[in-house]
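Shown next, in structure tokens, is the structure this report addresses.
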Amino acid sequence: GVQVSYRDFMVYDKVLPAFGTYLIFIVPLAIAFSALVFGLEYISQIDASAIFASGSEYLLIPIIIFAALICVLLFFYAIRMYFYMFIAIDTGHWGKRALVESWNMTKGHTLFLTKLLVAIIVINIIGIFILFAGLVVSLSITFIMTAFAYTYLRDDMYGTSSNLPTVTHLALPSE
């Protein structure tokens with residue numbers, strides 16, 4: 001039959017654009033996360049007893065608010081850019097164009113994507129607790145969930161229908 005090798009899966013003309021797109025996505029996250037970590041490290045080195053004794057504890061409030069704001073912005077950015085690689089693979093648009101399309105695709109769906117991300121995290125944590133063997137199943141489930149979400153958002157963005165199964169109501173069996 002046909003022999004399949006690693007080279008068949010590694011499309012070299014797509015590696016550099018994929019890496020470049022990844023860098024455009026990850027650099028702002030890395031900068032903001034580094035600022036957050038260094039800020040929290042700075043706060044941990046402050047002698048809290050001296051601050052509270054001097055009556056200057058109100059100075060910590062802006063720092064805590066700033067750290068919380070950075071966390072919210074990081075989460076929002078990650079959710080809005082979540083499907084950039086799906087777009088790159090599906091459409092062949094790389095770099096800034098894939099990120100802009102992901103931003104536009106997820107517009108108005110932030111709550112849906114937040115719920116999806118929380119569900120993915122919970123399912124994968126459960127998979128970890130089942131002695132990592134459950135992670136094989138949980139990762140498969142969450143990859144399928146993400147692919148369905150991408151298809152749903154893509155169809156919503158372009159006004160097409162993909163005939164995905166929809167749940168109109170849940171009927172529990174009566175006793």
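Listing for the model above:
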item	result
List TRP103, TRP94, ordered by accessible area with a 1.4 Å probe, largest first	TRP103, TRP94
Qualifying lysines (Cα of each under 20 Å from Cα of LYS115; at least 8 residues distant if same chain)	LYS107
Accessible-area value, THR151, 1.4 Å probe, nucleic acids and ligands omitted, Å²	30
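The values are calculated or read from the model by the stated rules, or taken from the named source; none is laboratory data. Because the structure is predicted, anything quoted here is derived from the model rather than measured. Surface accessibility is based on the protein's heavy atoms, side chains included, excluding ligands, DNA and RNA. Shrake-Rupley method; radii C 1.70, N 1.55, O 1.52, S 1.80 Å.
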